[in-house]
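The values are calculated or read from the model by the stated rules, or taken from the named source; none is laboratory data. All figures in this text were calculated on a predicted structure; none of them were measured in a lab. Ideal geometry is used to build each Cβ from the backbone, glycine not excepted, and the neighbour counts take in all protein chains shown. The protein model used for the area step is the full one, side chains on, heavy atoms only, and it has no ligands, DNA or RNA in it. Shrake-Rupley method; radii C 1.70, N 1.55, O 1.52, S 1.80 Å.
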Amino acid sequence: MNLVNEFLISLRGALSKVELDELNTAHGASKEDLNTLRSEYPECPESLICLLENIDGTYWREYKENEIAVCILGADVADGEYPYYLLSTQQMLDSSKEEEDVSYLLEYQDDEEAVDPKINPEGLLPGKYIHFADCMNNGGTSRLFIDFNPSADGVSGQIVRFLHDPDEYKVIADSFDEYLQDIIDGNFIFLNNEEQ
């Protein structure tokens, strides 16, 4: 897929030498894991599959005797400068089984921006989203999801960013393709390395 190839070429050009050496030990997901992801999430974007065919996660992911932790994704937090890890296919399958409850935020009438109106007020339901990235703070501060069950204002496949303290769920792109293109267009600002 051309978009993912462009993403990977641009990513490799933006990483520091140490990060690039670490990332070069990674490999793609197994056909079995990818088939399971496709089976459980028939709407899974082909661009995510293609990315996972090349890199099966960068979140404390073991590849033979090497463990890597390289942030390769971003979002809108801190003007785009806050980096995220790509979860492995298996981590996505394991971490997308619980409900992401937004009801506690909707109870606050004075904070209408805590949950984007494009997000279903029932929340992100099991089997209806893929949790694909955690922020550099091990996901404690921010996580990214592909949402297949939006509100009437949203679109299936939209990218949702959760941010903690104060908690907020926001749609940051209408699709995974748009999300990757935004990262490319932003010149991987979250990899603002002074030493290449």
### Message
Exactly one of these conditions fails for Tyr84: (1) open to solvent by 10 Å² or more (accessible area, probe 1.4 Å); (2) modelled with pLDDT of 95 or more; (3) among the aromatic types (Phe, Trp, Tyr). Give me its number.
### Response
(1)
### Message
So in segment 52-64, with the set limited to residues that are farther than 16 Å from Val4 by Cβ and open to solvent by 20 Å² or more (accessible area, probe 1.4 Å), which one is nearest to the chain's Cα centre (by Cα)?
### Response
Tyr59
#### Entry: In segment 123-181, residue farthest from the chain's Cα centre (by Cα) [restricted to those that are among the charged types (D, E, K, R) and part of a strand (DSSP E or B)]
Glu168
### Query
Would you say Ser96 is touching a residue at least 12 places away in the same chain (Cβ under 8 Å) and open to solvent by 10 Å² or more (accessible area, probe 1.4 Å)?
no
#### Entry: Subset of segment 12-35 [open to solvent by 50 Å² or more (accessible area, probe 1.4 Å) and in a helix (DSSP H, G or I)]
Arg12, Gly13, Lys17, Val18, Asp21, Glu22, Lys31, Glu32, Asn35
### Summary
Restricted to segment 144-196 and to residues being modelled with pLDDT of 95 or more, open to solvent by less than 50 Å² (accessible area, probe 1.4 Å) and of a type in the set (D, E, K, R), the residue farthest from Tyr41 (Cα to Cα) is Arg161
### Message
Can you tell me which condition Ile72 does not meet? The list is (1) closer than 25 Å to Asn149 by Cα; (2) crowded, with 20+ Cβ neighbours inside 10 Å; (3) of a type outside the set (Gly, Ala, Ser), and all the others hold.
### Response
(1)
#### Entry: Residues of segment 36-46 satisfying the condition of being open to solvent by less than 90 Å² (accessible area, probe 1.4 Å) and either in a loop (DSSP other than H, G, I, E, B) or in contact with a Lys or Arg (Cβ under 9 Å, 6 or more places away or on another chain) (or both)
Tyr41, Cys44, Pro45
### Task
Could you tell me which of the residues Ile9, Ile49 is among the hydrophobic types (A, V, I, L, M, F, W, C), modelled with pLDDT of 95 or more and open to solvent by 20 Å² or more (accessible area, probe 1.4 Å)?
Ile9
### Query
Are any of the residues in segment 62-78 among the aromatic types (Phe, Trp, Tyr), at negative phi and touching a helix residue (DSSP H, G or I) at 6+ places or on another chain (Cβ under 7 Å)?
no
